[in-house]
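Here is the structure we will look at, set down as structure tokens.
The values are calculated or read from the model by the stated rules, or taken from the named source; none is laboratory data. These numbers were taken from a predicted model, which means no experiment stands behind them. So basically every Cβ, Gly included, is an ideal-geometry build from the backbone, and we count neighbours across all protein chains shown.
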Amino acid sequence: MNQLPGHPHFAWHGDALHAEQVRLDALAQQYGTPLFVYSKASMLEALAAYQRGFAGRKVKICYAMKANSSLGVLQVFARAGCGFDIVSGGELERVLTAGAQPQDIIFSGVGKTRAEMQRALAVGIGCFNVESEAELEVLSAVASAAGKTAAVSIRVNPNVDPKTHPYISTGLKGNKFGVAHERTLATYQRAAALPGLKVVGIDCHIGSQITDTAPYLDAMDRILDLVEAIEGAGIALQHIDFGGGLGINYNGDQPPAADALWAQLFAKLDARGFGDRQFMIEPGRSLVGNAGACLTEVLYLKPGEQKNFCIIDAAMNDLPRPAMYQAYHAIVPLQRKDSAAETYDVVGPVCESGDWIGRDRALGVQAGDRLAVLSAGAYCMSMASNYNTRGRAAEVLVDGAQAHLIRERETAADQMRGEKLLPQ
């Protein structure tokens, strides 16, 4: 067995690539391509790293389900005792369907509607992460009208640079998220005075795919300064929520392991006298990113004067990250062979020049071969679209030697179900 670096439970057995004990080319043959395959053991191993880092502490891990909201994936984390961080009413319905307890749900996001607030209050979610002063006023009115009390934690923007892609940086002054650091105390004082609200915590989330510990340590210092100021003003905070954002290894990236990161963070918390507090965190990508691969078939090889193109049946609607973030995903064959490698741009069938999956990749392939696009467990299926009326891919969850179909391939009829033709 030869494990893929940075991708636990994806390994070569002889010349065939496996997820846990299941041959990937057999899954591609059975279910067709494009096909997302997830390793349950990889997810639980990533979760265990956080759990080791939190041993002996009061911490609730809330999976940030925007990373991958497929019901089968949500079930894995619900059964493992996780809570959930949601950002829409649709995500609320999904996670309830997957078996989450309402009190274990945190509702984040800058644009919650009144209807979403009403539904979340009705089912009894644990906490709203409020992201603006205006949202506080609306939530107060909605909760009061319903005869409910909304537990709130205010998301603070600490103006810390996470040193990541600007599209996934969320903690700088120019970002849309959270309440400005300078307005935090006044916002808490307003929240404490409003009817229908109960202040329970403080929240911070500075970005995604963070590979350095320094931004976390900087943000923690700023948040703890605010905790001292807020509680000094007589407003008690039951929990401190440090969000998520820990990166994964896409292309030789070296993020800290979750247990190592939290050892450093708890050392700072202990030094400042906060080590015995109730904490909450919201990991997403770091739990699922390297637990998934997208299987795809080579349709055509197209040589050119400036570029050689390897045209596959997966596209930007299946794997949006390269087109959206210029992101790197490793691409490997499902079956190793001795073919001479050539350099290709790996592209999909969608009618956009931005429909590329990998640039300048050395591959020994021919039409009909199958490939795995790695690190596809996060922000791929959850961001997938039907552009060019392409159906979303099927999904399979591997558990040891078992493979469970957790999403059927979407058909054209599925896509058109809610549409209506004009009358004659």
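Descriptive notes on the structure:
- Considering residues of region 114-134 that are closer than 14 Å to ALA180 by Cα and not small (Gly, Ala, Ser) only, the residue surrounded by the most Cβ atoms within 10 Å (Cβ to Cβ): VAL130
- Scanning region 331-386 for residues being exposed (fewer than 13 other Cβ atoms within 10 Å of the Cβ) and in a strand (DSSP E or B) gives a total of 3.
- Out of GLY275, GLY245, GLY232, GLY252, one residue alone is over 18 Å from the mean Cα position of the chain (by Cα), modelled with pLDDT under 90 and not charged (D, E, K, R). It is GLY252.
- Taking region 264-294 as the range and being buried (at least 17 other Cβ atoms within 10 Å of the Cβ) and out of contact with any Lys or Arg (no Cβ under 9 Å at 6 or more places or on another chain) as the test, the residues that pass are LEU265, GLU282, PRO283, ARG285, SER286, LEU287, VAL288, GLY289, ASN290, GLY292, ALA293, CYS294.
- Any chance VAL332 is on the phi < 0 side of the Ramachandran plot and touching a helix residue (DSSP H, G or I) at 6+ places or on another chain (Cβ under 9 Å): no
- Applying the criterion of at least 3 residues that are among the hydroxyl-bearing types (Ser, Thr, Tyr) and buried (at least 22 other Cβ atoms within 10 Å of the Cβ) to the strands (runs of 3 or more DSSP E) found wholly in region 1-77 leaves an empty list.
- Residue identified as buried (at least 20 other Cβ atoms within 10 Å of the Cβ), farther than 19 Å from ASP241 by Cβ, within 21 Å of the chain's Cα centre (by Cα) and at pLDDT below 95 among THR170, THR164: THR164
- If the condition is being surrounded by fewer than 18 Cβ atoms within 10 Å (Cβ to Cβ), assigned to a strand (DSSP E or B) and at pLDDT 95 or above, then region 179-199 contributes only LYS198.
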